[in-house]
Structures are given as structure tokens and as C-alpha cells.
Amino acid sequence: MLFLSKDLLVNIGTNRACYEHPKESSKCLKIDLKQNKETKRELKYYKRLQKENIPFTMLSKYYGSQETNYGKAEVFELIRDINGKISKEVDKYLNDTNNSFENIENLLKCIPQLKKYIFENKIYVKDLNTVNVMYQRNENSKESRLVIIDGLAHSNYNPIFYSCDYFILKKIEISWKSFIKSIKRKSIVKQNPQLFRYLQ
């Protein structure tokens, strides 16, 4: 059993709390705050992706379950910047008025790569938004990446849905358009229309 403490808390959401792994800095533990179906659906989808050997290059890796003093936890990759600090959500970068234009542009330059990754691997993120995507910064901006950390799987899991390219790509397209619209609504982006070229 792993023993967690409040100082290891990374973030707390509506349904889950996320803690740093006390022994492995590259991992985190997600614990349900209340019973919900989202975690089961997400894990089912993760296991499907693993079975199909989908590369987890822009998706946080899943390592299985672990018992803790706070209850059962699901172990995931903890996304960190090159300097070792825990990466921030895209939302925090876009809402930070002190962020430089260069930082925002470097982030948005990663958007086309994320789109390619999602569509080529047919990964459906039912809740694709700026809170569920982390920006992992590298000193070399070309090596920075966006990583999806939450929101996977369809609310009504149906094997036929995932086996039919037509249906899943349609769903991915709808989800992606919604994601891009949410970014375009951010003040820093609206004020700099030249950034739209990364949001196709």
C-alpha cells in the first residue's frame, strides 16, 4: 500500500483527486472522490488502446491500479516539463495575461501535431478541452508536446462504435471542432488573429 499526504496533491476535480506518486516522480495517482462511471469507461478505453498497440506519444500512459491509504488509485504518467516541474494545462497558459506571445505561439504550434495524432490513431476524447490537455515544455520548442490527460472514451461504450471508422472519425471531428472553438475564444488568441493559422 502507498501512503499519500496532502502535500502530494496535484489537482482536485469534480470526480477525482490527483496525487504525485510518493516513490516515482514520473507517475501520478488518480482517486475517485465518489463512485462514478467515468473512471470505468476511461480504463476500458485505455486497455483497448493498449491492446491495439496505439502509441501513447500524446496521451498520458496508464500503469494499472494501486491501493493507497486514501483508497484505490489508478496510476498514470505524470507530465513534467524538461526542468522537472509538473506541466500546466493549456487553459492556464491561454488565460495567463503575463505569458509572452512567443510562449503562446509555441504552444499553438503543437496543435497540428495533436490533431494528426488523434485522427491517425482514431482516438476519441469525449471531453476534449483546454483543461484536459497539458503543455509539456522543452527548452527546444520543437520538442515540446501536448498531452491528453483526461476525458477519454464515449459516454455510451459500444464496441460497434469503436470498430467503425466512419462513426468514430465523425465523433472525433465534432470533438476537435469544439476544442478549436474554445481556443479561439481565448482573449490572447482573439487579439492576435495571426495565431489562427495553427488552429485548422
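Brief remarks follow.
- All positions within region 10-42 that are in contact with a Phe, Trp or Tyr (Cβ under 7 Å, 6 or more places away or on another chain) and either part of a helix (DSSP H, G or I) or in the same structural domain as residue 134 (by TED's automatic domain parsing) (or both): 41
- Of the candidates 123, 160, 82, 118, the single residue that is closer than 25 Å to residue 55 by Cβ, at pLDDT below 95, assigned to a helix (DSSP H, G or I) and among the β-branched types (Val, Ile, Thr) is 160.
- Evaluated against (1) farther than 17 Å from residue 127 by Cβ; (2) surrounded by 13 or more Cβ atoms within 10 Å (Cβ to Cβ); (3) touching a residue at least 24 places away in the same chain (Cβ under 8 Å); (4) among the aromatic types (Phe, Trp, Tyr), residue 76 falls short on exactly one condition, (1).
- Any hit, region 87-100, residues being hydroxyl-bearing (Ser, Thr, Tyr) and surrounded by 13 or more Cβ atoms within 10 Å (Cβ to Cβ): yes
- Within region 157-166, at least one residue is surrounded by 14 or more Cβ atoms within 10 Å (Cβ to Cβ) and farther than 23 Å from residue 16 by Cβ.
- Residue in region 41-82 that is nearest to residue 146 (Cα to Cα), counting only those that are in contact with a strand residue (DSSP E or B) (Cβ under 8 Å, 6 or more places away or on another chain) and acidic (Asp, Glu): 81
- Close pairs (6 angstrom Cβ cut-off, 6 or more residues apart or separate chains): within 23 Å of residue 86 (Cα to Cα) in region 25-43, part of a helix (DSSP H, G or I) anywhere: 32/39
- Index of the failed condition, residue 44 passing every other in (1) modelled with pLDDT under 95; (2) touching a helix residue (DSSP H, G or I) at 6+ places or on another chain (Cβ under 9 Å); (3) surrounded by fewer than 16 Cβ atoms within 10 Å (Cβ to Cβ); (4) under 21 Å from residue 175 (Cβ atoms): (2)
- Subset tally (residues that are over 14 Å from residue 65 (Cβ atoms) and touching a Ser or Thr at 6+ places or on another chain (Cβ under 9 Å)) for region 4-18: 2
- Count of region 183-195 residues which are part of a helix (DSSP H, G or I) and buried (at least 17 other Cβ atoms within 10 Å of the Cβ): 4
The values are calculated or read from the model by the stated rules, or taken from the named source; none is laboratory data. Computed from a predicted structure; not experimentally measured. We place every Cβ from the backbone using ideal geometry, glycine too, and count neighbours over all the protein chains shown.
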